[in-house]
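First up is the structure itself, then whatever we jot down about it.
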Amino acid sequence: MMNYLVVGQGSMGKRRVRCLLANDVLPDQITVFDTREDRLQESKEKYGVNVTADYDGVLRQASIRAVFISVPGFLHMHYCLAAARAGKHWFCEV
């Protein structure tokens, strides 16, 4: 089973979660990362997805195969490079 990580739970990150769910990805196949606890809690309650505040830890999980990066532009490189170094497929819209 392929699991997904969505980085950032602002408006675009939430949209990525909704798109995955609309394409028959189950909530338990989606993990979201954010540095803000309130956004993690909201996503857990609203979408039923897994949440984490440990980006490096979740990247070490073999089950995570693809990463959607939805953070402000100045943070793109940090998260893209970490995903690439972890051997994950990644998507980042610039």
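What does the charge dipole of the chain about its Cα centre add up to, to the nearest 20 debye, if the Cβ of each Lys and Arg holds +1 and the Cβ of each Asp and Glu holds -1?
The calculated dipole for the chain is roughly 220 debye.
For L75 and V94, calculate 0.36 nm times their separation in residues minus their Cα-Cα distance, and state this gained length in nm to one decimal. Walk me through the intermediate numbers first.
Numbers: separation 19, 0.36 × 19 = 6.84 nm, distance 1.11 nm.
Here the segment from L75 to V94 would lengthen by 5.7 nm.
Just to confirm, what accessible area per residue do you get for the chain at 1.4 Å probe, in whole Å²?
So the chain comes to 58 Å² accessible per residue, rounded to a whole number.
At a probe radius of 1.4 Å, what is the per-residue accessible area of F91, in Å² to the nearest 10?
90
Calculate one ³J(HN,Hα) per residue across segment 71-88 by plugging θ = phi - 60° into the Karplus curve 6.51 cos²θ - 1.76 cosθ + 1.60, and present them in order as whole Hz with x for glycine and proline.
10, x, x, 5, 9, 3, 4, 4, 6, 5, 5, 5, 5, 5, 5, 7, x, 9
When all protein chains stay in place, what accessible area (Å², nearest 10, 1.4 Å probe) is found for Y4?
Ignoring ligands and nucleic acids, Y4 comes out at about 40 Å².
Out of residues 5 or more away from I30 or on other chains, whose amide H comes under 5 Å of its own, with H placed 1.01 Å from N in the peptide plane?
Y4, N50
Report in % the part of the accessible area of the chain that belongs to carbon and sulfur, leaving out ligands and nucleic acids; probe 1.4 Å.
Whole-percent figure for carbon plus sulfur exposure: 53.
Per DSSP helix of 4 or more residues, -39500 (n - 2.57); summed, then divided by the residues of the chain. What does that give at 222 nm, rounded to the nearest 500?
One gets -11500 deg cm²/dmol as the mean residue ellipticity at 222 nm.
Would you compute the Debye intensity of the chain from its alpha-carbon atoms alone, equal scatterers and no solvent, and pass along log10 I(q)/I(0) at q = 0.16, 0.19 Å⁻¹ to two decimals?
Relative scattering, expressed as log10 I(q)/I(0), comes to -0.55, -0.80.
Restricting to DSSP loop positions (anything but H, G, I, E, B) with no more than 14 other Cβ atoms inside 10 Å of their own Cβ, which trypsin sites (Lys or Arg not before Pro) remain in the chain? List each step's numbers first, then the result.
Numbers: sites: K14, R15, R16, R18, R36, R39, K44, K46, R60, R65, R85, K88; in loops: R36, R60, K88.
In loop regions of the chain (DSSP not H, G, I, E or B), the sparsely surrounded trypsin sites (Lys or Arg not before Pro) are R36, R60.
The values are calculated or read from the model by the stated rules, or taken from the named source; none is laboratory data. This is a predicted model, so every value here is computed, not measured. Here the Cβ is made from the backbone with ideal geometry for all residues, glycine too, and neighbour counts use every protein chain on show. Just the protein is used for accessible areas: all its heavy atoms, side chains included, with ligands, DNA and RNA removed. Shrake-Rupley method; radii C 1.70, N 1.55, O 1.52, S 1.80 Å.
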